[in-house]
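> One structure, as structure tokens, below. Some questions next.
The values are calculated or read from the model by the stated rules, or taken from the named source; none is laboratory data. These numbers were taken from a predicted model, which means no experiment stands behind them. Please note: Cβ atoms are built from the backbone with ideal geometry, for glycine as well, and neighbour counts cover all protein chains shown.
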């Protein structure tokens with residue numbers, strides 16, 4: 001019982017963090033029909049700076065780290081990404097009145113990863129003083145890309161069966177290229193390379209580090225506004241998408257937390273790393289995943305998968321999953 | 001000063017831009033114009049906003065290509081219908097226009 005009370009007091013404390021309050025503030029503004037808007041180029045710049053900083057920090061740390069440490073968490077990331085898609089696919093298949101492709105596309109987005117959710121989790125972990133390996137964010141593509149590819153392969157296989165032979169071959173290499181070139185991942189990879197090969201510490205500490213939290217709060221505001229304004233799209237599709245978008249992130253995160261805990265026992269993965277892995281799993285792609293899915297499964301309804309991820313999945317991952325996994329870590333890890 | 005020509009207009013989703021440009025070029029177009037577009041379609045409103053949209057590539061664009069040869073415009077339209085608009089939403093129409101400096105088309 002004490003454990004539960006402890007968990008909930010931790011949980012409530014997390015809700016008051018600046019990150020979450022900006023998210024909720026953004027949603028409230030949009031709900032009230034506020035005319036305030038953050039221009040798209042600013043949003044893109046904010047994402048770029050955040051991801052560049054995350055990558056650079058990771059790169060600097062990988063320089064001194066044993067690469068073998070990354071191996072098990074990276075394998076787990078791939079496994080989790082694939083598992084999320086298979087679970088989601090099986091879930092939607094059991095429901096009446098849902099187009100197969102819509103379910104598969106949604107599961108693909110939830111298997112993929114959100115850079116903004118990841119950044120929010122990193123800031124909250126730092127505020128709590130929970131340490132994590134700086135290379136953990138680099139697990140992002142290991143979960144993101146396999147999930148998107150699997151979803152597209154599954155959807156095309158279904159289409160082939162339905163139309164009797166007429167289906168497209170999935171261009172896996174094309175999807176990998178497309179994902180790596182997306183704005184979020186290319187900023188992170190650029191940062192990783194600069195951190196790894198150059199000596200960016202001075203600019204990292206004097207410019208990128210101090211900007212990080214402030215920029216993240218702007219990003220949260222945008223995500224909150226976007227979440228509210230896309231609810232209308234979600235209303236047009238079956239309610240099951242909203243149910244999945246609410247419950248999915250929590251289950252996906254718990255699976256990853258379990259696997260991360262194994263990595264903690266076996267190879268000394270840090271508690272903060274376990275939380276981040278869980279958050280990466282709980283998150284769903286918001287920036288680059290949707291165009292990839294749109295390109296690979298054009299016959300799926302974008303209102304279903306974008307509505308589910310942007311208006312329910314992302315807020316749940318940030319406002320419920322992050323505090324939940326931080327609280328869980330504070331209880332599980334001594 | 002003015003010479004008759006045909007203008008083909010395509011309105012569709014942003015991330016089909018590359019594909020449509022490829023088609024136009026493969027049919028021999030030497031140039032085209034692409035501008036952001038917004039409005040109302042069969043299913044919903046496609047607002048043209050400059051606020052942050054988080055999801056990339058789902059905004060709409062309007063593409064215009066001008067050609068001397070109406071047959072070429074027909075060919076481009078046919079290819080776009082075949083290769084893009086079976087799965088994606090979009091609009092294609094052509095207009096008769098009058099152009100200056102015909103050597104540029």
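> Within the set of pairs 6+ apart or on separate chains, which have a first residue in the range A:28-40 that is away from chain B (no Cβ under 11 Å) and on the phi < 0 side of the Ramachandran plot, a second that is exposed (fewer than 13 other Cβ atoms within 10 Å of the Cβ) and part of a loop (DSSP other than H, G, I, E, B), and C-beta atoms under 7 Å apart?
That search, which allows pairs on different chains as well, returns A:29/A:36.
> Residues to consider are A:72, A:82, A:28; find the one that is within 20 Å of residue A:176 (Cα to Cα) and assigned to a helix (DSSP H, G or I).
Answer to the check: A:82.
> So which residues in the range A:276-297 are over 27 Å from residue A:14 (Cα atoms) and more than 10 Å from chain B (Cβ to nearest Cβ), if there are any at all?
Answer for the range A:276-297, where residues must be over 27 Å from residue A:14 (Cα atoms) and more than 10 Å from chain B (Cβ to nearest Cβ): A:293, A:296.
> Right, next: Considering only the range B:29-39, I want to know if a residue exists there that is part of a loop (DSSP other than H, G, I, E, B), surrounded by 14 or more Cβ atoms within 10 Å (Cβ to Cβ) and within 14 Å of chain A (Cβ to nearest Cβ).
The answer is yes, given that some residue of the range B:29-39 is part of a loop (DSSP other than H, G, I, E, B), surrounded by 14 or more Cβ atoms within 10 Å (Cβ to Cβ) and within 14 Å of chain A (Cβ to nearest Cβ).
> With A:331, A:318 as the choices, which residue is more than 9 Å from chain B (Cβ to nearest Cβ) and at pLDDT below 90? Outline the logic, then answer.
Working: A:318 fails: at pLDDT below 90.
Result of the check over A:331, A:318: A:331.
> Hey, another quick one. So if I check each of B:99, B:91, B:61, which one is farther than 19 Å from residue A:295 by Cα and either touching a strand residue (DSSP E or B) at 6+ places or on another chain (Cβ under 7 Å) or modelled with pLDDT under 95 (or both)?
B:99 is the lone residue from the list that is farther than 19 Å from residue A:295 by Cα and either touching a strand residue (DSSP E or B) at 6+ places or on another chain (Cβ under 7 Å) or modelled with pLDDT under 95 (or both).
> In the range B:3-19, what count of residues is obtained for those that are within 14 Å of another protein chain (Cβ to nearest Cβ) and within 12 Å of the chain's Cα centre (by Cα)?
7
> Condition check: closer than 25 Å to residue A:17 by Cβ and crowded, with 24+ Cβ neighbours inside 10 Å. Does residue A:114 satisfy that?
yes
> Could you grab me the full set of residues in the range A:298-315 that are facing chain B (nearest Cβ under 9 Å) and over 14 Å from residue A:230 (Cα atoms)?
Residues satisfying the conditions are A:298, A:299.
Yes/no per residue for (1) buried (at least 24 other Cβ atoms within 10 Å of the Cβ); (2) closer than 17 Å to residue A:223 by Cβ:
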{"residue": "A:282", "(1), (2)": "yes, yes"}
{"residue": "A:290", "(1), (2)": "yes, yes"}
{"residue": "A:301", "(1), (2)": "no, no"}
{"residue": "A:309", "(1), (2)": "yes, yes"}
{"residue": "A:313", "(1), (2)": "yes, yes"}
{"residue": "A:321", "(1), (2)": "yes, yes"}
{"residue": "A:326", "(1), (2)": "yes, no"}
{"residue": "A:332", "(1), (2)": "no, no"}
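Every residue, every condition in (1) in a helix (DSSP H, G or I); (2) within 16 Å of residue B:9 (Cα to Cα); (3) within 14 Å of chain A (Cβ to nearest Cβ), yes or no:
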| residue | (1), (2), (3) |
| --- | --- |
| B:48 | no, no, yes |
| B:54 | no, no, yes |
| B:58 | no, no, yes |
| B:64 | no, yes, no |
| B:75 | yes, yes, no |
| B:86 | no, no, yes |
| B:94 | no, yes, no |
| B:98 | no, yes, no |
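> Taking the condition of being free of Cβ contacts under 8 Å to residues at least 40 places away in the same chain and surrounded by 22 or more Cβ atoms within 10 Å (Cβ to Cβ), how many residues in the range A:221-261 meet it?
0
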